[in-house]
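Since the structure comes first, as structure tokens, the remarks are kept for the end.
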Amino acid sequence: MSLCAARAVLLGGLAATPWSLSATAQEASEDATALEEITVQGEGGGAADAPSPAAALRRRTEAASRLGLTVRETPATVDVITQERLQEEGRRSLIEAYSSAPGVVAGNLPGEPGVTAMRGFSRGAVGYSVDGFAAIDPLIASRNYDTYSFDRIEILKGPASVVNGSGALAGTINVVTRKPELGVNKVDGLLSYGSFDSVRAGASFNAAPSPNVAASASVLYGRSDGYVNDTDSRNVQVTTGLTLQPTDRLRVTAAFDYFKDHYGTPYQGTPLLPRDVARNPSGVVSAGDLVLDKSIWRKNYNVSDGVMKSDAIWARAGAEYDLTESWTLRNDFGFYSADRAWANSEDFSYNAATGLLDRSATLITHDHQAWSNRTSANYDGEIDGRRNRFTAGFEYVETDFGSNRRFGTVTSVDPFNPDRGSFPDTSGFDTRQDFDSKVGNASVFLENAFNVTPGWIVVAGLRQDWIDLDRTIDDLKAGASTTFGKDFKATSWRVGSVYDVAPGVSLFAQYTTAIAPVTTLLLANMERATFDLTKGRSVETGVKTALWDDRVVATASVYQIEQDDILTRDPSNSNFTIQGGSQRSRGVELDVTVALTEQWKLNANAAVLKAEFTKLKEFVSGQPEPVSRKGNRPLNVPEQTFNLWTTCRLASVPVTFGAGVRYVGDFYTDNANTIRVDGRALLDASVSYDVPVGGTVTLRGRNLTNKFYAEWSGYSSKQVYVGTPRSFDLTYSVKF
């Protein structure tokens, strides 16, 4: 074995031991702070063919600004995960991709596939957009798509309301589809088969028939039987794009994307059981008398005909016209339409009196359309001999949303031998409602970046939002219809600076604010629609570096985020919910990419935070007064995460070894912090061979130690999602 391969194996073996990983994560956390993600090695070529790590800092990003700033010029932490890196590390889904970024964890909830927690905040506190087209309610629009359809994933850490409006308190995720490239003709594809009868097949092309025209398209098909009994899934993704440049001054773009996913009897989590009932109790969950039973984790307690499915289209068109060498007019139009449906048993709770699992039954449909138009004037020129970039514009987003909602129960089942049955007739359900929501969001915005000196940039931004909510709820059981609404008005702003203290070393700092609804606007009931938007603020400072002839790239940051006006119980009447709660997170992040040699490359990142409710009271059954949760950690938020991935290419033969480890600390499933889920360390490894006929064959193993762990909690605090066991896949990828 070569020295290069031995190093990769040694790193992987060391990471496989949880105690050593935990120690490594703690040591990394002493400096910890955030960084940009980088391409390490493209497929089908040697490590020497890959872009340098420093290329990530020079990349422009839409997630952080509309000024065309590069990652290095942005006074905030921006993680960019490229398609090359996604394939190299084997990140197949958006959940896997998100989780590779510093301090980001992701999972599934029954109605929220691809939900994330970032910097101590989760669910609706993280914004979501496709090619910069932001969803008004990210929890409703997000899905766990296959990563093959995307050129890159941009993650802006911290409040992003200046760019994306309401809902981006902890940060925002912008998934960028594959785009046409002028002057380039290329094709790539992949075919993969693995454990659980999983298949992925994708192809993508870019054609430039003339210097001023380019078109692109990608197609992806995937399917899997799932690692839990009877949880098959399949998905189809098609993305297309067109770029025209009829004159030197005019550029026109268009894109149309289709995404379909269908889960048959989807996995909704595993219920906790009393210790004296469990047949093989594990120590994964600490919850008093309740345990996670290893004997039942592969069982599916959903009804036998359960379903979760979605059909969505994203259409976009844009035009840019250069008025002068400095001034550009730009207009971007987007349209989104989605039909979604759920018909499942989602919650399972153990009944000590019967020894059975009592089950819920939920039927939900979504008929969702949204369109947006953003017009801006952009300046890139000089003021008194110093570069200045400026943008100002107007944006309007309108969303129409219809939803049928039925909530009831289905027959209870034996936890060890479940007779799952079928989804019941909903006519007798206790809750039968139809929702009709309309949200209009108008905003004006401006941003400016001024170079005080060539190495010192000051960036500022301001945004004003006006949000109009109108809702109708038809209660079919009561035979009543309720109409209500509210107008919201909010201002968000930020100011920051980037200063080059030495060649390749830049310090940055930023103060920014954000706004977010207390709940999902499109699903707000009459009581919650009356609440004001919550407000957030953040301060962050850090350093971005590119050293050693651009072979080392690192970003480190320290931050604090605070959110006010979250929901809490009225101290004078525990039956009422009011605004007045607050939460805070403080943390450090570090991300480092190193090209140790032409053949050996490494990426590592770590995050350590303290997230807590600074003011929150909740109603507890049997207690006469609300109970304080001050000092407790929010749900699904680990305080430490650590990622390591390394590749080493042999010089004598076209073989590349890869090894990686991910560590995620413990988390709680309830605000009372009485149910704690253990952290986990997972080891992956790969070996790739460049075949003589072209392309690369990769054998990849995941969770090689077959760690039994829980990765997320369900809607019920007594229900957790068990993570994927050891698995393997074989992938053939090719580029022309």
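The values are calculated or read from the model by the stated rules, or taken from the named source; none is laboratory data. Everything quoted here is computed from the prediction, not taken from an experiment. Using ideal geometry, Cβ is built from the backbone for each residue, glycine included, and neighbour counts are taken over all protein chains shown.
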| note | Over the stretch 649-666, the set of residues closer than 21 Å to TRP712 by Cβ and either of a type in the set (Phe, Trp, Tyr) or not in a strand (DSSP E or B) (or both) is TYR663, GLY665, ASP666
| Quick one: what pairs do we get from the stretch 724-736, first residue over 16 Å from ARG92 (Cα atoms), second assigned to a strand (DSSP E or B) and not β-branched (Val, Ile, Thr), C-beta under 6 Å, 6+ apart or different chains? | VAL734/GLY189; LYS735/ASP188
| message | Looking at (1) among the polar types (S, T, N, Q); (2) touching a Phe, Trp or Tyr at 6+ places or on another chain (Cβ under 9 Å); (3) surrounded by fewer than 19 Cβ atoms within 10 Å (Cβ to Cβ), which one does GLN560 not meet, given that it meets all the others? | response | (2)
| request: Output yes when any residue across the stretch 212-225 is farther than 29 Å from TYR336 by Cα and either exposed (fewer than 15 other Cβ atoms within 10 Å of the Cβ) or of a type outside the set (Phe, Trp, Tyr) (or both), and no when none is. | output: yes
| query | Tally time: how many residues in the stretch 699-736 are β-branched (Val, Ile, Thr) and surrounded by fewer than 19 Cβ atoms within 10 Å (Cβ to Cβ)? | reply | 3
| From ALA255, ALA201, ALA207, residue being over 25 Å from ALA97 (Cβ atoms) and among the aliphatic types (A, V, I, L, M) | ALA207
| message | Looking at ALA546, ALA554 in this structure, which one is over 29 Å from GLN464 (Cβ atoms), of a type in the set (A, V, I, L, M), over 23 Å from the mean Cα position of the chain (by Cα) and crowded, with 20+ Cβ neighbours inside 10 Å? | response | ALA546
| message | Take TYR263 and tell me if it is among the hydroxyl-bearing types (Ser, Thr, Tyr), modelled with pLDDT of 95 or more and over 30 Å from GLU320 (Cβ atoms). | response | no
| Test for ARG680: is it surrounded by 18 or more Cβ atoms within 10 Å (Cβ to Cβ), under 24 Å from PRO102 (Cβ atoms) and of a type in the set (D, E, K, R) | yes
| Tell me, which residue of the stretch 566-590 that is out of contact with any Asp or Glu (no Cβ under 6 Å at 6 or more places or on another chain) and modelled with pLDDT of 90 or more is nearest to ALA524 (Cα to Cα)? | GLY581
| task | May I ask you to list the residues in the stretch 139-159 that are in a helix (DSSP H, G or I) and under 21 Å from GLY241 (Cα atoms)? | result | THR147, TYR148, SER149
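Yes/no matrix, rows are residues, columns are (1) touching a Pro at 6+ places or on another chain (Cβ under 9 Å); (2) part of a strand (DSSP E or B); (3) modelled with pLDDT of 95 or more:
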| site | (1), (2), (3) |
| --- | --- |
| ASN673 | no, no, yes |
| VAL687 | no, yes, yes |
| THR698 | no, yes, yes |
| SER716 | yes, no, no |
| VAL720 | yes, yes, yes |
| PRO725 | no, no, yes |
| ASP729 | no, yes, yes |
| TYR732 | no, yes, yes |
| query | Quick check: is even one residue across the stretch 380-389 under 30 Å from GLY428 (Cβ atoms) and either modelled with pLDDT of 95 or more or in contact with a Ser or Thr (Cβ under 8 Å, 6 or more places away or on another chain) (or both)? | reply | no
| request: Please work out which one of (1) more than 22 Å from the chain's Cα centre (by Cα); (2) hydrophobic (A, V, I, L, M, F, W, C); (3) more than 22 Å from PHE416 (Cβ to Cβ) is the condition ILE313 fails and give its number. | output: (1)
| Taking the stretch 262-307 on its own, how many of its residues are hydroxyl-bearing (Ser, Thr, Tyr), surrounded by fewer than 19 Cβ atoms within 10 Å (Cβ to Cβ) and part of a loop (DSSP other than H, G, I, E, B)? | 3
| Could you say which residue among ASP414, ASP358 is surrounded by fewer than 20 Cβ atoms within 10 Å (Cβ to Cβ), under 30 Å from ASP293 (Cα atoms), touching a residue at least 40 places away in the same chain (Cβ under 8 Å) and touching a Phe, Trp or Tyr at 6+ places or on another chain (Cβ under 9 Å)? | ASP358
| query | Which pairs have Cβ atoms under 8 Å, sit 6 or more apart or on different chains, and link a residue in the stretch 683-694 that is farther than 15 Å from VAL653 by Cα to one that is surrounded by 14 or more Cβ atoms within 10 Å (Cβ to Cβ) and among the basic types (Lys, Arg)? | reply | ASP684/ARG662; ASP684/ARG700; ASP684/ARG702; ALA685/ARG700; SER686/ARG700
| query | Pick from ALA255, ALA201, ALA160, ALA168: which is within 25 Å of the chain's Cα centre (by Cα) and free of Cβ contacts under 8 Å to residues at least 24 places away in the same chain? | reply | ALA201
| Pair list, Cβ under 7 Å, 6 or more apart: the stretch 205-231 residue within 17 Å of THR724 (Cα to Cα), other residue among the charged types (D, E, K, R) and assigned to a strand (DSSP E or B) | ARG223/ARG234
| field | Set PHE450, PHE429: member being surrounded by 16 or more Cβ atoms within 10 Å (Cβ to Cβ) and under 21 Å from HIS366 (Cβ atoms) | value | PHE429
| Which fully enclosed strands (runs of 3 or more DSSP E) of the stretch 501-605 have 2 or more residues being under 30 Å from ARG649 (Cβ atoms) and either in contact (Cβ under 8 Å) with a residue 12 or more places away in the chain or polar (S, T, N, Q) (or both)? | 534-547, 552-570, 573-595
